[in-house]
Amino acid sequence: MNISWKTCFRVGISALLLFLCVKYSDFAVRAAKALLAAVMPVIIAMAIAYIVNLPMSFYERHYFKKQQGKKWVQNSRRPICLTAAIITICAIVALVVWLVLPELIECVTFIISEIPPFMEKVLDSEIARSLMPMDVENEVDKINWASLVDSIMSVIKTGIGSAFTTVIGLVGSVFSGVFNAIMCAMLAVYFLIGKERLIGRIGRIMRSYMKPKLRKRVKYVLMLLNESYRKYIVGQCTEAVILGALCMLGMIIFRFPYAGMIGALVAFLALIPVAGAFIAAGVGALMILTVSPLKALLFVVFFIILQQLEGNLIFPKVVGKSVGLSAWLVLAAVTVGGALLGIGGMLISVPIASVLYRLLYEDVERREKKKEEITSE
């Protein structure tokens, strides 16, 4: 077997790179984190553009459908449909905020107003009296007030310096966050306006640096990912609406307070698989607790039953059917994704599992077909 010098060179470079990564693993990890932080605004912008593109594509398909060939339709389709998609998403978020925020503020105000009377009751209780010393005046006389004042002043001086540093860091973080948000929004709009041109440039790069067989395989995998994520997002939104509606309907039937607000909150946070609904339930239970502790306990029981129904029937059927996975594979993907990457892993695990399952299934079928052909010969 003849081994060319190019093969030896590639093997040597690969071995050298592997050695350097192992030898300087800490530096490699820091460099990878710095690179990820640098490109994170672009990744976020691409994610925003992908989500906004779903309603925008819907609007583009139905924008003067019978007059597609006219020039004014072609020139106005993209900006008008993009604006309509952004308005739609902002309207949904505004509706949720309008349903949730007023009652949430009212509940927090009620809790704050009830804290002083509650503390007075605690201090007047038998338990508080038993914990307090019998002779308070003697205990006060034993205090070294000079040392105590020095300690307080030292803490105040240290605290002022720490607070000043914290404020500067907080202001810097706020400005950095606002700047990154503006940049992400601008990049997302740029991606959406010229998405055909961007896809064309990516295809040109792939044609220049990839062999036809590899390029065809990569395009097929990307097509599967796009199809899987699109169906998953639609299915997840459908599941969130169903869960929020069922929660609100059940609360109305059982006469729990804040039914509309908690139902909207559950629907909004249910976009985060598994964890989001429980966060909404915790907020809802806390709000109901201000009205009736018994109703808060009954609401927790009601939501646990509803969550079991949603997790074992609604989520696997609606989301699993949309991405082509069975119920147990959806649950397994969410569990593994959450264990590896937390909430982010839950969000991306199901579509990735769908693509891997489809690729594995196609590869198994291809191998079985090949074996059958060999056997028949």
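The values are calculated or read from the model by the stated rules, or taken from the named source; none is laboratory data. All values derive from a computational prediction rather than experimental measurement. All Cβ positions, glycine included, derive from the backbone under ideal geometry; neighbour counts span all protein chains shown.
Which ones in the stretch 209-249 are outside any helix (DSSP H, G or I) and either within 30 Å of the chain's Cα centre (by Cα) or of a type in the set (Lys, Arg) (or both)? It would help to see each step written out before you state the result.
Narrowing the stretch 209-249 to residues outside any helix (DSSP H, G or I): 210-211.
The answer is LYS211, and nothing else.
Filtered by the rule that a residue be surrounded by fewer than 10 Cβ atoms within 10 Å (Cβ to Cβ) and of a type outside the set (A, V, I, L, M), the stretch 24-60 gives a lone residue, ASP26.
Conditions tested, residue by residue: (1) part of a helix (DSSP H, G or I); (2) at pLDDT below 85; (3) more than 17 Å from THR83 (Cα to Cα).
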residue: SER173; (1), (2), (3): yes, yes, yes
residue: GLY177; (1), (2), (3): yes, yes, yes
residue: ASN180; (1), (2), (3): yes, yes, yes
residue: MET186; (1), (2), (3): yes, no, no
residue: TYR190; (1), (2), (3): yes, no, no
residue: ARG197; (1), (2), (3): yes, no, yes
residue: ARG204; (1), (2), (3): yes, no, yes
residue: ARG207; (1), (2), (3): yes, no, yes
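Which of the residues that make up the stretch 342-377 are surrounded by 12 or more Cβ atoms within 10 Å (Cβ to Cβ) and of a type in the set (Gly, Ala, Ser)? Hits for the stretch 342-377 are GLY344, GLY345, SER349, ALA353, SER354. Tallying residues that are touching a helix residue (DSSP H, G or I) at 6+ places or on another chain (Cβ under 6 Å) and among the β-branched types (Val, Ile, Thr) within the stretch 52-92 yields 3.
In the set GLY320, GLY284, which member is surrounded by 21 or more Cβ atoms within 10 Å (Cβ to Cβ) and at pLDDT 75 or above? Lay out the reasoning, then the answer.
Values: GLY320 fails: at pLDDT 75 or above.
The unique qualifying residue is GLY284.
What are the pairs with Cβ atoms under 6 angstrom where one residue, in the stretch 46-60, is part of a helix (DSSP H, G or I) and the other, located anywhere, is surrounded by fewer than 17 Cβ atoms within 10 Å (Cβ to Cβ) and aliphatic (A, V, I, L, M)? Sequence gap at least six, or different chains. Hits for this filter: TYR59/ALA84.
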